Amino acid sequence: MKNKMTNHEKYMTEAIKQAKKAYALGEVPIGCVIVYRDRIIGRGYNRRNTDKNTLAHAEITAIRKASKIIGDWRLEECTLYVTLEPCQMCAGAIVQARIPQVVMGTMNPKAGCGGSILNILEMPQFNHQVEVTRGVLEEKCSSMLKEFFKELRERNRMEKLWKRAQNESAEAATQEEKAKLVPIDKTESNTVY
Ligand SMILES: [Zn+2]
């Protein structure tokens with residue numbers, strides 16, 4: 001890349017690095033970093049299936065780590081970068097943590113709560129509103145997700161084919177067994193009548 005990256009792009013690139021860790025585990029690739037005074041103080045990536053834990057979202061992990069570094073539940077001078085629009089839980093946690101700024105990669109029309117289904121981050125009724133920037137390195141963030149789901153569909157398709165092949169061979173074996181039984185059945189019924 002010849003153009004100089006903006007700060008947002010620089011940190012979104014770090015969030016993408018986190019997302020790739022999720023990808024490598026077979027998890028939906030979502031990554032997050034939290035920046036404080038130009039320094040990353042929290043990183044996280046989706047580990048929901050690996051940890052078998054609803055709370056193992058990228059943002060929650062990053063918030064937990066950042067709070068540990070800051071020594072407070074309030075992350076008042078931080079910016080959170082996340083590759084995908086946060087869900088209701090994470091958007092809620094961002095508001096709860098008083099994070100003033102969130103930068104997103106791509107939107108999540110089916111589950112996002114940073115403007116898609118709800119906009120928990122910018123609700124005037126809450127005592128805290130977040131300044132939101134959307135679409136930073138959007139193409140990179142969304143193509144990573146598309147690639148993941150394409151591979152997942154392919155894997156599921158192969159699994160189905162494999163199962164069907166196994167069922168068919170089991171079925172064929174049963175048919176063969178049945179075929180062997182037919183003459184015996186016939187003999188028996190002949191004897192009876
Ligand atoms: Zn979430």
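Among the residues making up the stretch 27-59, a single one is under 17 Å from residue 104 (Cβ atoms) and among the hydroxyl-bearing types (Ser, Thr, Tyr): 45. Count, please, the residues in the stretch 166-193 that happen to be of a type in the set (A, V, I, L, M) and either in contact with a helix residue (DSSP H, G or I) (Cβ under 8 Å, 6 or more places away or on another chain) or at pLDDT below 55 (or both). Qualifying residue count for the region: 2. Inspection of the stretch 98-115 finds no residue satisfying the criterion of being assigned to a helix (DSSP H, G or I) and β-branched (Val, Ile, Thr). Of all residues in the stretch 63-82, one or more are within 10 Å of the ligand (Cβ to nearest atom) and surrounded by 19 or more Cβ atoms within 10 Å (Cβ to Cβ). Residue check: is residue 85 free of Cβ contacts under 8 Å to residues at least 24 places away in the same chain and either touching a Cys at 6+ places or on another chain (Cβ under 9 Å) or within 15 Å of the ligand (Cβ to nearest atom) (or both)? No, not satisfied.
Restricting attention to the stretch 117-149, the residues that are more than 16 Å from residue 82 (Cα to Cα) and part of a loop (DSSP other than H, G, I, E, B) add up to 9. Regarding the stretch 99-108, can at least one residue be identified that is more than 13 Å from the ligand (Cβ to nearest atom), within 30 Å of residue 153 (Cα to Cα), surrounded by 21 or more Cβ atoms within 10 Å (Cβ to Cβ) and of a type outside the set (A, V, I, L, M, F, W, C)? Yes: the stretch 99-108 contains one or more residues that are more than 13 Å from the ligand (Cβ to nearest atom), within 30 Å of residue 153 (Cα to Cα), surrounded by 21 or more Cβ atoms within 10 Å (Cβ to Cβ) and of a type outside the set (A, V, I, L, M, F, W, C).
The values are calculated or read from the model by the stated rules, or taken from the named source; none is laboratory data. None of the values given here were measured: they were computed from a predicted structure. All Cβ positions, even for glycine, are placed from backbone atoms using ideal geometry, and neighbour counts span all protein chains on display.
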